[in-house]
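Written below as C-alpha cells is the structure these notes are about.
Values quoted throughout were computed directly from the atomic coordinates according to the rules given, and no laboratory measurement underlies them. Small disclaimer: the values here were computed from a predicted structure and weren't measured. As a convention, Cβ positions derive from the backbone with ideal geometry for all residues, glycine included, and neighbour counts pool all protein chains shown.
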Amino acid sequence: MRLICPNCDAQYDISDDVIPEGGRDVQCSSCAHTWFQTDKPKVPGRPTPPPMLDMADGPKRVNLADRPRHRPVEDAPTRKPLESSIADILREEAARENAMPETQGSAPHPSEMGKSSETRAAETRRRIAEMTDGAATPAAIAAAATGAVAGRDVHTVPSIDEINATLSARALASDRSGLTEEEHYEVVQRRGFRRGFFLMLLLVALLITPYFFADQITQNLPQTSDVMAQYVSTVDQIRVWLNDQADTIRGMIDNALNGDPAAADPSTAPAATE
C-alpha cells in the first residue's frame, strides 16, 4: 500500500496489514501532518483532458472592424458655473498680484497709511471671520478680497537680505549713523578700553622679551653687553620688588582673616627691602 501525504505529497510504501479495515490516524514524518487513513487510499485519477477543437471547419476568424476601437467615454458631470461677481473679484486679485512686483518700490496704499501691523492683522481676521460664517454673501467676499489685497504691504516685514544688508551697513559705517548718543558713547568707550588693554599687553611683551633672550642677544651683538647687563639687573630688581609687595599683601590678607586689625593696616606694615 502507498500512502500520500495530502499536505506535502510525500509518498510512503507500507504493508497492507498496517492499516486496519476501519482505518487509523497516520502522521507524515516530513511535515508532521496528521490525517485519518482508510484501508484503501484514494488514488487521484488522471485529469480529464480538455476537449479537442474541431479543426474540420478551420479556425474562426474574428472581424476586428466589428469591435469598437476605443471605450466610450462617459460624459463628465457638468460643473456649476462661477458667479460673475466672484469671477471679477478673482481676476482683479490676480491682476494686482501680477502688478505687485513692479510696484514694490512705490509708496504703500493710501488706505494703510497710519495703520499699525496689529490693526491690519485685526482687520484681516475680521474679514476672514465674515467669509467663513454660514451667511457669507458675494458682496462680503468681494469686500474681504479687495481689502486683503489692498492691505498687503510688501514692506511690512523686510526680507532676510534687507536685514543683513542693514546690519552690515550699520556695522561698517564709520560715523556710527543710526546709533543714539548713549550707544555711540558706549561703543567709543569699549573701543578705547580694548585698544588700551591690547597696547599695554604689547608694551609688556616688548619689554620682557629681551630679558628672556638676553644671552642670545649678547652673543650675537657683543657691543650691547653693557646695556643688556644693566637691563637684566633692572628687571631683576623689579621682580624682587614685586615679590616683596605680593608677600606683604598676602600677609595683610592672612592677618585680616585671622582677626589682627593692627597687622591689616597698611601704615603699620613693614617697609619692603630691596
Item to check | Computed label-point distance, nm, for sites Val18 and Ile160 using a 7 Å Cα→Cβ extension | outcome: 8.0 nm
Checklist outcome for this item: With R₀ set to 41 angstrom, the calculated FRET efficiency between the beta-carbons of Asp254 and Glu181, to the nearest 0.05, is 0.25
